[in-house]
Amino acid sequence: MNKAAAKSDQALLADILAALESGQPIRRDLGNGGRLHIDRPLPFLCVHMTRRNDSAARDVVSASASYLIARNLRTAAMIADAVGAAMTKRFGAFVLLDIGELERDRMSGDAPYLPPFEVFLTASPEPPVQAALSALAAGIEGVDARFRRPRIERLAGDQHAKLARLLPKFPCVTLRFAPIYRVPESDAIYPELRKRLIANMVDAGLQAMAAYVTATKAMALSTHRSLGRRAFVNAVSRADKAMDEIATSFDFLLAVTPINAGAAWAEFKAGGFAKAPRFLYRPLTVQVEFQKRALFSIGLDHFEDPVLLDLYREKQQELDLQLSMLTARETPRFLEFSRALYGPVEPSLLEAANDILTATARKRVAKPGDDDVGSAFVERKALAMINGYTGQNGDFAAIVEMRDDLPAGLMVSNGRLLIARSTVMSRGRVEALLSHEVGVHLLTYFNGSAQGLRLFRSGLAGYEGAQEGLAVLAEFLVGGMTVARLRLIAARVVGCAAMLDGASFPETFASLVREHGFAETQAFNLTLRLYRGGGLVKDAIYLRGLLEVLHHLRSGGSLDPFWMGKIAATHFSVMQELSARGLLKTPQFRPAFLTHPQAEARLASARAGLSPIQMLV
């Protein structure tokens, strides 16, 4: 090695050691695809040595909070020695996790079944390292076996020395697995298999390091996932910003909501309810083709975090569907895209909706009367509720807008509460509806805004069902679940099912009036919501979401993760992992409706097991 290279190495090591000593994060490019990344001091270092930049093993290692990718043994040894010495001094223990791929998948080929794939493991003899080895083996054996199961072989003696290239100076666990994601005799890959393999190996590696940390008492751990990354790389931040700019470039619900609801009602009524009214929509403010190109040009290849990568890929697909729906507005294709986005009305959901309508058919529904209030009263109450949250923290910067271009009711759009001037409702429903819109939709928007990634305020893919279920639960907790409201939520499902089965606007309207006893104006507004844009399946999610939330509570689930941002119940494990890794903050705001005098007792009844019918007050 020449003097210049030696001097460069010394400068690099001095820089690394200074950062480790101060506890600062490290991210150093080492040239030729090599990199050292340590987002905080940890008693381990994941290592990968290869000349390929497309291997799954590289992605497994780069998902770690502490990793080294090197092109040659000299560089790897030099840096591993420096990091290991510093971390041993700090924690009293240090281990290397060396991950790589076998040259080829020897067990692939034509066969009437999917054969297992080879995994070779070896480790230093120290008991804590052997504990890590056992945890690694258990983690790999527990992988999702949808494609191929691993066949693990533990190596020892000379075989260990051959695989454990990274210096006997520090304890080492070595993992080699077959590249089963590569198509035999081809440069192609199986993308889904690659993704699943990486996620499984990442988690198994965390389990191994947690076992070592526990055995050596180097750190106190709540879960193995707490050893994961606590910092977003720049690629995540850039993608998050780019995707949020696309998500906020259009207001989906406003774009598919008619602006002539009053005139459409008059036209429909004048025609004897026999012909669907003509709806007018706002001109689109977004160039759909441009935004689609921008959406799929967002780089997701350098996230170094399989969990976040999944979340953004899901959101990318959801935004693609929404943009496709905008191009198909007022055409039959809109309904099919809508079905793809929100799902069909499953038989069990339709049965639950019909049960509600049957059970409440003879119950008294309050008639419009002297107790009704208009939009000005709702606006004042909304501002008072928002001011209550703002008093806790000025970041709750919600805006209230009165609108003439909306059907009667309220709507949340990002950080705005939109109130139609034509809104009229019972005074007793105001707190419930504001708890729905402000206490859930706006609150999770601003809590999500504080998470560091905008994705949590715009919403993880599929979040709307849980959001609407929580919002309906909020109405119940403040005593606002009435017969009329529950029947409306159920009728949306029944009407949605009819629409998906091919019923026309007049047919669905007539069914709501004649078969289910809805007033003509109420049936019209309900049918308008269903058929807007060309057929919006969204309204079925209110009852579906409520049933999911009630099941979640009955199963002992907590509501707390829901307040962190706009998430679905299916994201609970993801939220728990990101929280354990320190990537998520506790919610800035907690729903005010949880402090209602009867909220605790009503929540307890929901945990004990509650059907929607039993929520009536």
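Relative to the longest principal axis of the Cα atoms of the chain, the long axis of helix 464-477 lies at roughly 60 degrees.
Directionally averaged projected area (region 1-113, Cα convex hull): 8.8 nm². Spacing of the modelled spin labels on ALA408 and ASP501, each 7 Å from Cα toward Cβ, amounts to 2.9 nm. Protein heavy-atom accessible surface, 1.4 Å probe, per residue over the chain: 44 Å².
How high is the relative contact order of region 416-544, in percent, with contacts defined as C-alpha pairs under 8 Å that are six or more residues apart? Please list the in-between numbers first.
Details: 105 pairs, mean separation 33.1, N = 129.
Averaging sequence separation for qualifying contacts and normalising by length gives 26 percent for region 416-544.
For the chain, what % of the accessible area comes from carbon and sulfur atoms, probe 1.4 Å? Don't skip to the end; give the middle numbers.
Details: 13980 of 27130 Å².
About 52 percent, which is the carbon plus sulfur part of the accessible surface.
Of the peptides 383-395, 544-556, the order by per-residue mean of other Cβ atoms within 10 Å, starting with the highest, comes out as 544-556, 383-395. Computed over region 419-520, the P(r) curve from all C-alpha pair distances, binned at 10 Å from the origin, holds 13, 32, 34, 18, 3, 0 percent per bin.
Take the Cα radius of gyration of the chain and divide it by 2.2 N^0.38 Å, N being the number of residues; the result is 1.14. Excluding same-chain neighbours fewer than eight residues apart, the lysines reachable from LYS241 by a Cα-Cα span under 21 Å are LYS292, LYS315, LYS566, LYS585. Relative to the longest principal axis of the Cα atoms of the chain, the long axis of helix 306-327 lies at roughly 30 degrees. Please report the base-10 log of the normalised intensity I(q)/I(0) for region 544-617, using a Debye sum with one equal scatterer per alpha carbon and no solvent, at each q in 0.15 (1/Å). Computed log10 I(q)/I(0) values: -0.59. Across the chain, the relative contact order, built from alpha-carbon pairs under 8 Å that are at least six residues apart, equals 12 percent.
Relative to the current alpha-carbon distance between GLU289 and SER422, full extension at 0.36 nm per residue lengthens the span by 44.3 nm.
Give the value in nm², to one decimal: projected area of the alpha carbon convex hull of region 167-209, averaged over all directions.
On the way: hull surface 16.5 nm².
Orientation-averaged projected area of the Cα hull: 4.1 nm².
When a/c reaches 1.5 or more, the comparison of a/b and b/c decides; with that in mind, is region 179-263 rounded, prolate or oblate per its Cα gyration tensor? Since a/c reaches 1.5 but b/c is at least a/b, the shape of region 179-263 is classed as oblate.
Calculate how steeply helix 375-392 sits against the longest principal axis of the alpha-carbon atoms of the chain, using the helix alpha-carbon long axis, and give the answer as 0 to 90 degrees to the nearest 10. The two axes meet at around 30 degrees.
By average Cβ neighbour count within 10 Å, what is the ranking of 39-48, 85-94 from highest down?
Result, highest mean first: 39-48, 85-94.
Determine, from the Cβ-Cβ distance of ARG333 and SER573 and an R0 of 45 Å, the FRET efficiency 1/(1 + (r/R0)^6), rounded to the nearest 0.05. With a Förster radius of 45 Å, E is 0.80. For a straight C-alpha distance cut-off of 26 angstrom, the lysines reachable from LYS269 (same-chain residues fewer than eight places away being disregarded) are LYS367, LYS538. Using a/c under 1.5 as the rounded threshold, could you call region 303-447 rounded, prolate or oblate? The axes a ≥ b ≥ c are square roots of the C-alpha gyration tensor eigenvalues, and prolate needs a/b larger than b/c, oblate otherwise. Because a/c hits 1.5 or more and a/b fails to exceed b/c, region 303-447 counts as oblate.
Assuming R0 = 25 Å, what is the FRET efficiency of LYS363 and HIS551, from their Cβ-Cβ distance, to the nearest 0.05? The partial results should precede the final answer.
Details: r = 25 Å, r/R0 = 0.99.
According to the calculation, E is roughly 0.50.
Note on ILE399 and ASP371: the model spin-label points, each 7 Å out from Cα along the C-beta direction, lie 3.6 nm apart. Once C-alpha pairs closer than 8 Å and six or more residues apart are averaged by separation and normalised to the residue number of region 19-100, the relative contact order reads 34 percent.
Which semi-axes, in whole Å and largest first, does the equivalent ellipsoid of region 303-378 have when worked out from the alpha carbon gyration tensor as the square roots of 5 times its eigenvalues? Please list the in-between numbers first.
Values: eigenvalues 285, 85, 62 Å².
Computed over region 303-378, the values are 38, 21, 18 Å.
The values are calculated or read from the model by the stated rules, or taken from the named source; none is laboratory data. As the structure is a computational prediction, the values presented were derived from the model and not from experiment. For neighbour counting, all protein chains shown are included, and Cβ atoms are generated from backbone atoms with ideal geometry for every residue, glycine included. Surface areas here come from the heavy atoms of the whole protein model, side chains and all, with no ligands, DNA or RNA. Shrake-Rupley method; radii C 1.70, N 1.55, O 1.52, S 1.80 Å.
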